[in-house]
Amino acid sequence: NQLNILLYCILTCLNVFFPNLDFSWSTELEQNLKDVFQLSTFRPLQLKAINLSMSGKDLFLVMPTGRGKSLCYQLPAVCSEGFTLVVTPLVSLMEDQLMYLKSIDVEAVSLNASSSKEHAKMVLAEMTDSKAPFKLLYVTPEKIAKSKLLMSRLEKAYNAGRLSRIAVDEVHCCSQWGHDFRPDYKLLGILKRQFPKVPLLGLTATATGSVLKDCQKILCVPEPITLTASFNRTNLYYEVRLKDSNSDDSVSDISALIKERYKDQSGIVYVFSQKDAETVSADLQGKGVNASPYHANMNPEDKSQVHRKWATNKIQVVVATVAFGMGIDKADVRFVIHHTISKSIENYYQESGRAGRDDKPADCIVYFGFNDIFRISTMVVMENVGQQKLLTMVDYCQNVDRCRRSVIAVHFDEVWDDEGCNEMCDVCHYITVDITQHAKDVVQIVELAGSLDEKLTPLKVTEAWMGKGPAKRRKMIQTTTLSRLEVEAIITSLLLQGYLSEDFSFTPYTTYFYLKLGGKAPLLKNQSHSITMKMRRTGLDANTVSTTQQTVQESFRQEAFGCISRD
Ligand SMILES: Nc1ncnc2c1ncn2[C@@H]1O[C@H](COP(=O)(O)OP(=O)(O)OP(=O)(O)O)[C@@H](O)[C@H]1O
């Protein structure tokens, strides 16, 4: 092993100068990639990870969901003597992998709580048999923790040189700081302690530096190399929409999106609770969307039927809780809509990451509702740093000063270049505009009305500024050519920034809302005073940005959440 590591280091250095230089296993790798896995090229970091693992190095591989982590241990398994032990958290994940490996004629077996006695006996016997055909042995962490028989067999296989590699899938489950902690993962340190010479490969789609440090300690891996692929899924468009928590407008909006923008395209709608899965699914069905619910409380047959029908495009949309998660590997998912925010950015990244696995454009939209923050908050109250993580998700939704992608990238400690978004998020469609002159024009209209002892409703101010007021008044003010939506957005902004304020008038029958000068209006007399606001650029592709309705909503939102400072 040490010779291999030395060889790897020398060859890596030489590779810089001689890119075609190969390792002893390179030809076999290339061959099996094509012949067995039927893939023509490696994706970024796959070859590097495989070469490191083949050289005997312990490795943590952090690679976005759907980028091909499994190949990084399956291909080495096929190219090595003996077998690779794969620890995976869910039996369903295991079954998917076994089915896939069977379809490409790679021998693999599993041991879990539902394995029959005969099957377990056969597998345990074959572990030490040099003629046994299997290349991968999938086990749950519970099995490692509870089965002394398995550990004793692993020890025998290790001593016989048959345990070639250990892969720990979803390695972040080791750490309580991770988003999916599983107590049995805490016990996996036994593997490296008992089998120190076997290289370990920990795989995860989402783990911050501190989570990985924790995993390293728990797994007793002395000096792992960490390879981190970029989190930037360039084909995904990220968008946040405001949700009025007191109405079901969001469901109407979602159904309109599915029927128009995503007509005949496959997608997922994530919801907060099992009850929401049932009701949102029923609402969507009522609006003519081919949707089905999915949650942990359904019986296993119903769940696998929904999954199967969705995978074969007989159901267009699955309305699911997070139970519809690991192991979902449908390539052509064109949209992942969150009816409710996720409980952390890690969760959101993983859930939304199920879109666009075929590298074609796909949308990730989250509906952000004020009340949802508190619903989730009570759910995560028992979790370590649950509130902190939830707030990072809220910040992702609320912050319109930073590109959505940059928030995700920075969260995962990735060095980020703002150009990396390529305008593939809603925030990057906003521009900061100077509205000082507009503000002066509007304030002049309200001021003039005041001097004439008139009161103007917001509608009257809008119309006056757009030149629709009485002709003699038009001559006294500066009218605008801006669109109505822009005019409304600017007036709202001035109201929220304090340049205008409300002037209520009560009658026995109704209450009138007029606009009057706000406390900050006098600042506009100062030549050096300027005001800005964020606005969505106009003239953008209707397929990737929201409707005009959204423009107004967004501008309200930025102001309402105080994204523009009140200077
Ligand atoms: N080099 C490659 N070229 C083309 N397709 C690939 C390549 N490597 C893997 N894939 C495909 O990418 C898909 C996702 O792979 P895989 O399931 O290993 O992803 P993953 O990173 O483990 O995702 P998850 O985090 O969801 O488990 C699979 O369909 C796989 O066949």
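The values are calculated or read from the model by the stated rules, or taken from the named source; none is laboratory data. Just so we're clear, the structure is a prediction, and the values are computed from it rather than from any experiment. Backbone-built Cβ (ideal geometry, glycine too); neighbour counts: all protein chains shown.
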State whether the residues of segment 293-308 include one that is β-branched (Val, Ile, Thr) and within 16 Å of the ligand (Cβ to nearest atom).
no
Apart from one, (1) closer than 20 Å to Ile365 by Cβ; (2) within 16 Å of the ligand (Cβ to nearest atom) all hold for Ile337; the odd one out is (2)
Exactly one of Ser292, Ser210, Ser250 is out of contact with any His (no Cβ under 8 Å at 6 or more places or on another chain) and modelled with pLDDT under 95, and that one is Ser210
Reported set for segment 195-214 where residues are more than 16 Å from the ligand (Cβ to nearest atom) and either in a helix (DSSP H, G or I) or closer than 10 Å to Phe60 by Cα (or both) is Leu200, Gly209, Ser210, Lys213, Asp214
Residue pairs within 7 Å by beta carbon, gap of at least six or interchain, first lying in segment 406-435 and farther than 11 Å from Asn232 by Cα and in contact (Cβ under 8 Å) with a residue 24 or more places away in the chain, second in a strand (DSSP E or B) and hydrophobic (A, V, I, L, M, F, W, C), listed first then second, are Asp426/Val240; Tyr430/Met535; Ile431/Met535; Val433/Met533; Val433/Met535; Ile435/Met533
If you go through Val91, Val109, Val87, the only one that is under 26 Å from the mean Cα position of the chain (by Cα) and farther than 30 Å from Asp413 by Cβ is Val91
| said: For the structure I just gave you, tell me whether Thr479 is modelled with pLDDT of 90 or more, in a loop (DSSP other than H, G, I, E, B), under 46 Å from the mean Cα position of the chain (by Cα) and surrounded by 14 or more Cβ atoms within 10 Å (Cβ to Cβ). | reply: yes
| task | Test Pro64 against the criterion of being closer than 14 Å to Gly202 by Cβ and either surrounded by 21 or more Cβ atoms within 10 Å (Cβ to Cβ) or within 12 Å of the ligand (Cβ to nearest atom) (or both), and give yes or no. | result | no
Query raised in the report: Is there a residue being charged (D, E, K, R), surrounded by fewer than 16 Cβ atoms within 10 Å (Cβ to Cβ) and assigned to a helix (DSSP H, G or I) anywhere in segment 394-402?
Result: yes
For strands (runs of 3 or more DSSP E) lying entirely in segment 76-194, having 2 or more residues that are within 16 Å of the ligand (Cβ to nearest atom) and surrounded by 16 or more Cβ atoms within 10 Å (Cβ to Cβ) picks out 83-87, 136-139, 163-168
**Report entry** Residue within segment 28-41 that is within 23 Å of Ile225 (Cα to Cα) and near the ligand (Cβ under 10 Å from one of its atoms) present
**Finding:** no
Expected single match for touching a residue at least 60 places away in the same chain (Cβ under 8 Å) and either closer than 17 Å to Leu90 by Cβ or not charged (D, E, K, R) (or both) among Leu137, Leu149, Leu187, Leu212 is Leu212
Given (1) within 16 Å of the ligand (Cβ to nearest atom); (2) of a type in the set (A, V, I, L, M, F, W, C); (3) surrounded by fewer than 20 Cβ atoms within 10 Å (Cβ to Cβ), Phe324 misses just (3)
Of the residues in segment 357-390 that are surrounded by 15 or more Cβ atoms within 10 Å (Cβ to Cβ) and of a type in the set (A, V, I, L, M), the one that is nearest to the ligand (Cβ to nearest atom) is Ala362
A careful count of residues in segment 243-282 that are over 23 Å from Thr312 (Cα atoms) and either outside any helix (DSSP H, G or I) or in contact with a helix residue (DSSP H, G or I) (Cβ under 7 Å, 6 or more places away or on another chain) (or both) gives 9
When (1) touching a residue at least 60 places away in the same chain (Cβ under 8 Å); (2) more than 30 Å from Ile328 (Cβ to Cβ) are applied to Glu155, the one that fails is (1)
Going residue by residue through segment 293-311, is there one that turns out to be surrounded by 20 or more Cβ atoms within 10 Å (Cβ to Cβ) and over 23 Å from the mean Cα position of the chain (by Cα)? no
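A quick yes/no check of all residues on (1) touching a residue at least 40 places away in the same chain (Cβ under 8 Å); (2) in the same structural domain as Arg375 (by TED's automatic domain parsing); (3) buried (at least 22 other Cβ atoms within 10 Å of the Cβ); (4) more than 16 Å from the ligand (Cβ to nearest atom):
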position	(1), (2), (3), (4)
Asp264	yes, yes, no, yes
Ala277	yes, yes, yes, yes
Ser281	no, yes, yes, yes
Gly288	no, yes, no, yes
Asn313	yes, yes, no, yes
Val317	yes, yes, yes, yes
Ile341	yes, yes, yes, yes
Ala355	yes, yes, yes, no
When (1) touching a residue at least 12 places away in the same chain (Cβ under 8 Å); (2) buried (at least 17 other Cβ atoms within 10 Å of the Cβ) are applied to Thr457, the one that fails is (2)
